[in-house]
Amino acid sequence: MTSSPKGGNSQPADPPVHPETVAYHGYLVSVDADTNEFGAWLPHVAVTHRGRPVALPEIEPVQPEWLTRAEALRAGIEYAKLLIDRHEVCEEMSKGR
């Protein structure tokens, strides 16, 4: 909430929220989170490699919900790392054939 121009209740504005960004095995993982209609936090993961978006497969049919934004960000990063590791193994296996 921002200050009222008439001098009513004033509270400091919420600080800006930025996505969490992590470099992992040459990939750039960016995770943001927002709440659903029930107030649970859900991560949103974006991955790029050499500047190009990477479409990683979904491995969970139902996405877990988190109590805090920090938990959702951590979970999103771990999820992306797992998918990147699987993606790299699949690429290595296809090269070896």
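The values are calculated or read from the model by the stated rules, or taken from the named source; none is laboratory data. Given the structure is predicted, the values throughout are model-derived calculations rather than measurements. Every residue, glycine as well, gets a Cβ built from its backbone with ideal geometry; the counts of neighbours run over all protein chains shown.
Just a few scattered comments:
- Some residue of region 5-19 being modelled with pLDDT of 95 or more and either exposed (fewer than 13 other Cβ atoms within 10 Å of the Cβ) or not charged (D, E, K, R) (or both): no
- Figure legend. Inter-residue proximity from region 21-43: first residues within 11 Å of G76 (Cα to Cα) and modelled with pLDDT under 95, second residues surrounded by 14 or more Cβ atoms within 10 Å (Cβ to Cβ) and polar (S, T, N, Q), beta-carbon distance below 9 Å, spacing 6+ or different chains. Indicated pairs: L42/Q63; P43/Q63.
- Filtered by the rule that a residue be within 21 Å of V17 (Cα to Cα), in a loop (DSSP other than H, G, I, E, B) and in contact with a Phe, Trp or Tyr (Cβ under 9 Å, 6 or more places away or on another chain), region 27-86 gives A40, E65, L67, T68.
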